[in-house]
Amino acid sequence: MASKIDLVSNALILIGDLPITSLTGNARSQVVANNLYENIKKAELSKFPWSFARKKATVSADASAPVGNEWSKKYQLPTDLLFLIKIDPNVPYQLYGSEIYTNYDQEFVVDYIHNVSESEFPESFARVMEYALAKDFAMAISDSGTVKQLMAEEYQNQSRMARYTDSQQSPSEVIRNRPLIDVRF
């Protein structure tokens with residue numbers, strides 16, 4: 001189980017800096033970590049439908065009408081949503097900020113990525129985070145383009161392995177719509 005301070009410290013070690021014990025302070029590494037960490041974390045969580053970060057929620061229509069004439073209903077998305085994966089049933093919709101506009105008039109389920117606590121990160125994703133942090137911290141802390149390049153390459157490797165590992169934990173989705181085959185029978 002990783003913690004925010006563990007991830008940041010490991011990233012600092014990867015770029016040749018000293019680990020830190022606290023994120024409060026005025027040291028260069030602490031300032032960089034405080035300013036970049038949350039954006040990097042949210043970006044990494046949003047890049048892939050990680051099974052550990054998936055969540056489902058039922059949403060109901062908002063009482064107020066949507067703006068314009070294209071859509072008849074408006075739904076408020078969950079506040080912890082980072083990235084919408086899909087809605088069920090699969091109906092036409094459009095995202096507008098933190099709202100979904102659609103012509104569907106019943107409750108539906110959203111499947112999405114939410115902002116997960118570091119303690120819930122599997123080991124493979126924790127490594128991805130360490131290298132993502134190291135890659136982005138490198139220029140600000142070590143002033144070395146070479147270190148940044150090396151961290152970027154290793155980040156790609158770690159990310160690929162973590163996505164593969166994560167994808168093995170979920171069954172493949174069955175193709176439901178087969179119009180070319182159905183037409184023949």
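The values are calculated or read from the model by the stated rules, or taken from the named source; none is laboratory data. Predicted model, so just to flag it, every value in this text is computed and none were measured. All Cβ positions, glycine included, derive from the backbone under ideal geometry; neighbour counts span all protein chains shown.
Looking at (1) in a loop (DSSP other than H, G, I, E, B); (2) assigned by TED's automatic domain parsing to the domain that holds Y93, can you tell me which one G16 breaks?
(2)
Inspect the range 55-65 for any residue being part of a helix (DSSP H, G or I) and either buried (at least 16 other Cβ atoms within 10 Å of the Cβ) or in the same structural domain as A126 (by TED's automatic domain parsing) (or both) and give the result as yes or no.
No, because not a single residue in the range 55-65 is part of a helix (DSSP H, G or I) and either buried (at least 16 other Cβ atoms within 10 Å of the Cβ) or in the same structural domain as A126 (by TED's automatic domain parsing) (or both).
Among the residues of the range 59-85, what is the count of those that are touching a Pro at 6+ places or on another chain (Cβ under 9 Å) and within 19 Å of P49 (Cα to Cα)?
Total meeting the criteria: 2.
List the helices (runs of 4 or more DSSP H) that sit entirely inside the range 75-185 and contain at least 2 residues that are free of Cβ contacts under 8 Å to residues at least 60 places away in the same chain and either surrounded by 15 or more Cβ atoms within 10 Å (Cβ to Cβ) or in contact with a helix residue (DSSP H, G or I) (Cβ under 6 Å, 6 or more places away or on another chain) (or both). Quick ask: steps written out before the conclusion?
Numbers: elements: 123-141, 145-167, 179-184.
Hits in the range 75-185: 123-141, 145-167.
Check whether at least one residue in the range 50-60 is under 19 Å from S159 (Cα atoms) and out of contact with any helix residue (DSSP H, G or I) (no Cβ under 9 Å at 6 or more places or on another chain), and report yes or no.
Within the range 50-60, one or more residues are under 19 Å from S159 (Cα atoms) and out of contact with any helix residue (DSSP H, G or I) (no Cβ under 9 Å at 6 or more places or on another chain).
Restricting attention to the range 9-47, and to residues there that are closer than 17 Å to N115 by Cβ and buried (at least 18 other Cβ atoms within 10 Å of the Cβ), which single residue is farthest from the chain's Cα centre (by Cα)?
Here the answer is Y37.
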